Number of protein chains: 4
Amino acid sequence: MDQIVDVFKIPCSGPADLRVAEALLQAGELRAQDIVAVMGKTEGNGCVNDFTRDYATRAWCDLLAPRLGISSAAVHERVALVMSGGTEGVLSPHFTIFARRASPVAGTGADKRLAVGIAFTRDFLPEELGRMAQVNATAVAVTVAMADAGIDDAADVHFVQIKCPLLTTQKIDDALRRGHTPVTHDTYESMGASRGASALGVAVALGEVEAAQLSDDDIRHDWSLYSAVASTSAGIELDNNVIIVMGMSTRARSKYVIAHGVMRDAIDVAGVRKCLREDFGIDPDTQVDALHQRVVNVLAKAEASPDGSVRGARHTMLNDSDINSTRHARAAVGAALASVLGNTALYVSGGAEHQGPPGGGPFALILRA
Amino acid sequence: MDQIVDVFKIPCSGPADLRVAEALLQAGELRAQDIVAVMGKTEGNGCVNDFTRDYATRAWCDLLAPRLGISSAAVHERVALVMSGGTEGVLSPHFTIFARRASPVAGTGADKRLAVGIAFTRDFLPEELGRMAQVNATAVAVTVAMADAGIDDAADVHFVQIKCPLLTTQKIDDALRRGHTPVTHDTYESMGASRGASALGVAVALGEVEAAQLSDDDIRHDWSLYSAVASTSAGIELDNNVIIVMGMSTRARSKYVIAHGVMRDAIDVAGVRKCLREDFGIDPDTQVDALHQRVVNVLAKAEASPDGSVRGARHTMLNDSDINSTRHARAAVGAALASVLGNTALYVSGGAEHQGPPGGGPFALILRA
Amino acid sequence: MDQIVDVFKIPCSGPADLRVAEALLQAGELRAQDIVAVMGKTEGNGCVNDFTRDYATRAWCDLLAPRLGISSAAVHERVALVMSGGTEGVLSPHFTIFARRASPVAGTGADKRLAVGIAFTRDFLPEELGRMAQVNATAVAVTVAMADAGIDDAADVHFVQIKCPLLTTQKIDDALRRGHTPVTHDTYESMGASRGASALGVAVALGEVEAAQLSDDDIRHDWSLYSAVASTSAGIELDNNVIIVMGMSTRARSKYVIAHGVMRDAIDVAGVRKCLREDFGIDPDTQVDALHQRVVNVLAKAEASPDGSVRGARHTMLNDSDINSTRHARAAVGAALASVLGNTALYVSGGAEHQGPPGGGPFALILRA
Amino acid sequence: MDQIVDVFKIPCSGPADLRVAEALLQAGELRAQDIVAVMGKTEGNGCVNDFTRDYATRAWCDLLAPRLGISSAAVHERVALVMSGGTEGVLSPHFTIFARRASPVAGTGADKRLAVGIAFTRDFLPEELGRMAQVNATAVAVTVAMADAGIDDAADVHFVQIKCPLLTTQKIDDALRRGHTPVTHDTYESMGASRGASALGVAVALGEVEAAQLSDDDIRHDWSLYSAVASTSAGIELDNNVIIVMGMSTRARSKYVIAHGVMRDAIDVAGVRKCLREDFGIDPDTQVDALHQRVVNVLAKAEASPDGSVRGARHTMLNDSDINSTRHARAAVGAALASVLGNTALYVSGGAEHQGPPGGGPFALILRA
């Protein structure tokens, strides 16, 4: 059956401020039962002890539970709530809401439009994170989410957003007590391991990487293996992977379109400028009004180049013991993208392990058609 | 007498790594006696307890003292050593060396070229920082530096870089013991006060602001008062203001040119793109080679917009108690500029009080002619 | 009427983890309607953008609302929820719950026991924070809370805990828009201003400082003015002051006692050791078991000595631009106290402006009788 | 031949402030040629990008080079310069100078006094750090340093201070380019690996651990293996291990004595109190004057308990992505020790891998005899 997709980007004054969402619901512009996913940028450190993600998630559950007539906990199993912490530099905290309802008209659709699907993996054991168990379960779930979106062809997938767990000291101890070795003993490092395995799960599902040739040792080691559309984000507030697939489908009847590209490094905005011009017919220098009216959001990944340099010049992000490298990278990529789009409420998420080439990352632009 | 100006931008592996400068001196490409100024980006936090500025300054003094036949301390009084801490995001630590020697040919110069002049104020008392005493002494020194550069017309001044002191707990106590009230008791805040007063000194010298209408109360309060070419940077390692004036002069015979503009906010790179196209005839999108070959450096200021928003969207830089706002702002502006110039070894300095409009800041581009 | 006071200290695995409280309620050991105050240590940065305080507060409201048959918002007006962020060093996140119910037996009480009372001020305007308006409203509320505790004599007051608001960029702008000047434009600094004014409110209520001789200018300037029992803590999550008075009363029938003292500086544990020995008959070196069995919690304030030194040696807390001084101070005072008490789940709160002597702070010990 | 050992503890106003040392040298109280070791606490972050250690080291080399008639670089090979970054909480930046000269009187010494010896390993390759190559080379060097100190019996060794290298992004790349795998790709984590291997080198040299039973896998995994007198500190400024052995010897004729003990956890000051009473006859509560007059310094290690708790209560040091755990631990242990000794200029160094039991660490007290 065809779907009608709606996208709302709303600002907030803090992680739990959902007043604008409440107003949309009240006004009937948005229906609680249509919401399939929320992607938020919250203003924590985006690292291990970032409770703003969890806090925002709770606020969303509390908002939707009574309107859906289910418990707060059950909201989690119905809506993909992906909160990415860290609004360094100019980035502005906000939520992007994806709503979906059945179309009354059957799908003759000549045009492809934005389609959205979601899926969830089972909970992972601490020792499974950052390893093939996580890769494989994720790959299966991506396929499920594609079907949910009504997308058959991997070429029509433009972005796969995943929220995945991390290791806390408590989880590490739990694994050790049961005689298992977690992939790392460092909580911050575990975020990268979980993100990397999840991204490779996407790559496997979409045929970008052969599952048969992949092993635990490749994860966070062989950087030539990556997905060009995966965006994975680790958080303390969940134990399974939550998957959102976005793409284009003739069975979607939304007013929105999506396209994607790859940033080769943290300052590579040429691809974004090209995508605006070629995919959407907007010159970012001269058509500032069109930019403002049509661009809904960019979804992008950021990371400090693992070789310690950008275009041949040394960066200091990996040697900075006061500010984690993901925070530096979000600030940089966020500002580079904002300087093209003229907008700072962008979804830029840190840690691009196996998501795009090393030091770079995928981006997807969502626009009004 | 006419001057020949040379500019060298060199990388470093740490604050005290001057191996490239040493090689240039050894090879005779650079002569110690010609060096009038060094502007460095060092990899500290750029705030109060950033000792990388002091460390780099010491390394430069130690490098030049034997070659100039003077003491390390005396180097300070001869060369304007301006170290700006903070290479957040993609920014790459480096030094820009300005050398100057008399031209054997007298000045018929039809073309204007890059000219450089320097000057120093007296040492300030702690209670003078951030107040009119600092404004007035700076204004006088800017005039001296203009004369040193051979620039008569304020319209030919494209950048005035100032290094100014800050208040430490010790300096604050000293003032209080002597019965004086420093402008603030907060060491981090004192950096902004010193930067602001220094910038207004430039504005007064260049006729951008009327001295007669200025009082202590305007400093860091009336943001409509600013200089469009001032760049001021506070550091723990000095007690006076060090001034470098850069501009264009027919009496300069360098291979370099300079132009300036203003960023209205932290993501406003339109002016930089326009300056490249109109002042220097380079299209940053298509003439990437020309960009790489001709651009030496951009000198720019960055600050978190004091009204808490960028283009209408809330930013979190001023409410972040883990990372100071100057660090956020450098990361953002540095990446925005790097995304245009394709280069990350840029001089982006934090804290733009009275330097350009609120939330924005001046920039100057130095190119090969 | 006499009151029976109960005190529960419970651990948590995160800001919103109230599983132990839930179990106590379920088991009937604690009744929701008896809870008058909760003092929590949450694991945020304890500074401006610490949302763990707000998150914990929300969790408490959500826990108690259905059990009290009131809305979550109404819980705020009934229970004094004071969350202090920052568990630096060894400090362990936890909540201390104060419950109170009417005694079936009339008060002949020869022995004084722990008594608790609470009160709330009106909401403050941004420009009132850190000024006499906040001092005076707080003084009145302290008197109300003393009456609520059944304490007549100021000498029987051993601790006055206050939660007070801070200025955000938004609040500062609001004041400026209405033509008012907030006490500071720096959000972090506003926390100290609000804490200081609130502490002087306590001092006025208890006769430690004469209200008539106090003016706006004394706040955060004349450090000779302080309360020896005030503990104030600023947070983003409220607009008024919440007051908890703790003391000893013959009309209290609890199993708990309280005593207080003053730390002259951040490492002065001699007073705590003396208080244990003289007030409670416990030698902390030899009676480790008694210590563990009887001590419930210590409530203490910490601050970086404003003169930049501790016992004549320079400290670096006030010049550190990577870690705010309140974080340093909590880590230090927390560990010093923990090393005496053999326990790290202690209530150590940062920023002791006008709370005890400069660089020091008040402490109160709550023990089983 | 017998040695006379002198110890000087001097304050500083910054990492490169050696004015007090200069005055001692000028006054003849200290002779440059007698200095064998300097142990400094500098005010950086104590982690990877802490340049205050390097800066202080350079200042010491520059101070001593002309007085020793050797180059600055040669000072490194003659004097063990061990700079430990991080003066969190109340800790006060300072240097402890160890000087040694031949005694004119032959060694009949009935009393044992403080003796000091030093040694250096070869430079390590990046891939050797944190592995047996570093353990074994360190063990040999410890034996050399013991001989240098005139100590025959391992039981007379009370403290072995080691400064060891860390991995930077550049070093990691170098190893990878040559086809070698460094022990970790994380620069911050490499500090722990290098500290751990160095500490096990001490344990091997002193017979606390059997070399034959030790392999790469034990390093940072089997925490039951540790030295009770090792203190190791990693820094960016060197490529080899520098070893200082301190102990008691009848061949030493100093006015100083040393004793050591172990802190079981970060708040365990019972051993320090006992050591003061039993080894030196000072009651820290009542003999405050003796404490001040006799205690020169305490040398101690601090670490966040790897199991995530202190005395059964959860700590947050290992999950904090804003402040590294070594910074938390130094703040805590520094304050706990300062609260006993009444002095904040203490040598507390972070990261106690294989140095004392997990979560605890060794300490040594140096007193005037």
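D:GLN33 meets all of the listed conditions (1) under 28 Å from B:THR52 (Cα atoms); (2) in contact (Cβ under 8 Å) with a residue 24 or more places away in the chain; (3) touching a Leu at 6+ places or on another chain (Cβ under 8 Å) but one, namely (1). For the stretch C:294-314, the condition of being closer than 30 Å to B:SER190 by Cβ and of a type in the set (S, T, N, Q) holds for at least one residue. Of the helices (runs of 4 or more DSSP H) lying entirely inside the stretch B:264-369, those carrying at least 2 residues that are within 14 Å of chain C (Cβ to nearest Cβ) and farther than 17 Å from A:ALA336 by Cβ are B:325-341. Within the stretch B:82-92, none of the residues are open to solvent by less than 10 Å² (accessible area, probe 1.4 Å), in contact with a helix residue (DSSP H, G or I) (Cβ under 7 Å, 6 or more places away or on another chain) and without any contact (Cβ under 8 Å) to a residue 40 or more places away in the chain.
Which of the residues spanning the stretch D:349-362 are in contact with a helix residue (DSSP H, G or I) (Cβ under 6 Å, 6 or more places away or on another chain) and not small (Gly, Ala, Ser)? Scanning the stretch D:349-362 gives D:GLU353, D:HIS354, D:GLN355.
If we scan the stretch D:253-260, do we find a residue that is open to solvent by 50 Å² or more (accessible area, probe 1.4 Å), of a type in the set (Gly, Ala, Ser) and either at pLDDT below 95 or farther than 30 Å from D:ALA73 by Cα (or both)? Within the stretch D:253-260 (the criterion being open to solvent by 50 Å² or more (accessible area, probe 1.4 Å), of a type in the set (Gly, Ala, Ser) and either at pLDDT below 95 or farther than 30 Å from D:ALA73 by Cα (or both)), the answer is no, since none of the residues qualifies.
The conditions are (1) within 25 Å of A:ALA302 (Cβ to Cβ); (2) surrounded by fewer than 24 Cβ atoms within 10 Å (Cβ to Cβ), and B:PRO358 fails exactly one of them. Which is it? For B:PRO358, the exception is condition (1).
So that you can scan it fast, the table gives a plain yes or no per residue for (1) modelled with pLDDT under 95; (2) more than 14 Å from chain D (Cβ to nearest Cβ):
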site: A:LEU125; (1), (2): no, yes
site: A:GLU128; (1), (2): no, yes
site: A:ALA133; (1), (2): no, yes
site: A:ALA141; (1), (2): no, yes
site: A:VAL144; (1), (2): no, yes
site: A:ALA154; (1), (2): no, yes
site: A:LYS163; (1), (2): yes, yes
site: A:THR168; (1), (2): yes, no
site: A:LEU176; (1), (2): yes, no
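Could you please let me know if A:GLY308 is of a type in the set (Gly, Ala, Ser), without any contact (Cβ under 8 Å) to a residue 40 or more places away in the chain and on the phi > 0 side of the Ramachandran plot? It is true that A:GLY308 is of a type in the set (Gly, Ala, Ser), without any contact (Cβ under 8 Å) to a residue 40 or more places away in the chain and on the phi > 0 side of the Ramachandran plot.
Candidates are the residues of the stretch B:306-325 that are hydroxyl-bearing (Ser, Thr, Tyr) and modelled with pLDDT of 95 or more; the one that is surrounded by the most Cβ atoms within 10 Å (Cβ to Cβ) is B:THR316.
The residues of the stretch A:37-56 that are in contact (Cβ under 8 Å) with a residue 60 or more places away in the chain and within 14 Å of chain D (Cβ to nearest Cβ), listed by number, are A:ASN45, A:GLY46, A:CYS47, A:VAL48, A:ASN49, A:ASP50, A:PHE51, A:ARG53, A:ASP54. Counting only strands (runs of 3 or more DSSP E) that sit completely within the stretch C:81-192, those holding 2 or more residues that are aromatic (Phe, Trp, Tyr) and either out of contact with any Ser or Thr (no Cβ under 8 Å at 6 or more places or on another chain) or over 25 Å from C:LEU25 (Cβ atoms) (or both) correspond to C:94-102.
Only one entry of A:ALA59, A:ALA74, A:ALA65 meets the criterion of being away from chain B (no Cβ under 14 Å) and either assigned to a strand (DSSP E or B) or open to solvent by 10 Å² or more (accessible area, probe 1.4 Å) (or both), and that entry is A:ALA74.
Could you tell me which residue of the stretch B:326-341 is farthest from B:LEU91 (Cα to Cα), considering only residues that are in contact with a helix residue (DSSP H, G or I) (Cβ under 6 Å, 6 or more places away or on another chain) and open to solvent by 10 Å² or more (accessible area, probe 1.4 Å)? Let's see the steps before the verdict.
Taking the stretch B:326-341 and keeping what is in contact with a helix residue (DSSP H, G or I) (Cβ under 6 Å, 6 or more places away or on another chain), we get B:328, B:331-332, B:335-336, B:339-340.
Retained after the next criterion (residues that are open to solvent by 10 Å² or more (accessible area, probe 1.4 Å)): B:339-340.
Values: B:SER339: 11, B:VAL340: 13 Å.
The selected residue is B:VAL340.
Only one of the listed residues (A:GLY192, A:GLY117) is within 14 Å of chain D (Cβ to nearest Cβ) and either modelled with pLDDT of 95 or more or buried (at least 24 other Cβ atoms within 10 Å of the Cβ) (or both). That residue is A:GLY192.
Touching a Leu at 6+ places or on another chain (Cβ under 9 Å) and under 19 Å from B:VAL144 (Cα atoms): is that true of B:ALA205 in this structure?
Working: touching a Leu at 6+ places or on another chain (Cβ under 9 Å): no; under 19 Å from B:VAL144 (Cα atoms): yes.
The answer is no for B:ALA205.
Taken over the stretch A:175-187, the criterion of being touching a residue at least 24 places away in the same chain (Cβ under 8 Å) and open to solvent by less than 50 Å² (accessible area, probe 1.4 Å) is satisfied by A:ALA175, A:PRO182, A:VAL183, A:THR184, A:THR187.
When only residues in the stretch C:77-89 that are in contact with a Lys or Arg (Cβ under 9 Å, 6 or more places away or on another chain) and of a type in the set (A, V, I, L, M) count, which is farthest from the other protein chains (Cβ to nearest Cβ)?
C:ALA80
One residue stands out in the stretch C:20-56 among those that are within 27 Å of C:THR169 (Cα to Cα) and part of a helix (DSSP H, G or I): the one that is most open to solvent (accessible area, probe 1.4 Å), namely C:ASP54.
Go through the stretch D:208-263 and count every residue that is in a strand (DSSP E or B) and of a type outside the set (Ser, Thr, Tyr).
Residues of the stretch D:208-263 in a strand (DSSP E or B): D:227, D:230-235, D:240-249, D:252, D:256-263.
Cutting the leftovers down to of a type outside the set (Ser, Thr, Tyr) gives us D:230, D:234-235, D:240-248, D:252, D:257-263.
The number of residues fulfilling the criteria is 20.
Answer yes or no as to whether A:SER339 is in contact (Cβ under 8 Å) with a residue 12 or more places away in the chain and within 21 Å of A:GLY130 (Cα to Cα). No.
Across the stretch D:6-19, what is the total count of residues that are crowded, with 18+ Cβ neighbours inside 10 Å and either away from chain B (no Cβ under 14 Å) or among the acidic types (Asp, Glu) (or both)? Steps first, please.
Let us first name the residues in the stretch D:6-19 that are crowded, with 18+ Cβ neighbours inside 10 Å, namely D:6-7, D:9-10, D:12, D:14-16, D:18.
Then drop every residue that is not either away from chain B (no Cβ under 14 Å) or among the acidic types (Asp, Glu) (or both), which leaves D:6-7, D:9-10.
Going through the stretch D:6-19 one residue at a time, the tally reaches 4.
At pLDDT 95 or above and small (Gly, Ala, Ser): which single residue out of B:SER215, B:SER224 fits that description?
On the way: B:SER224 fails: at pLDDT 95 or above.
Of B:SER215, B:SER224, the one residue that is at pLDDT 95 or above and small (Gly, Ala, Ser) is B:SER215.
The values are calculated or read from the model by the stated rules, or taken from the named source; none is laboratory data. No experiment lies behind these values; they were computed from the predicted model shown. Positions of Cβ are backbone-derived with ideal geometry, glycine not excepted, and every protein chain shown enters the neighbour counts. Protein only, heavy atoms only, side chains kept; ligands, DNA and RNA dropped before computing areas. Shrake-Rupley method; radii C 1.70, N 1.55, O 1.52, S 1.80 Å.
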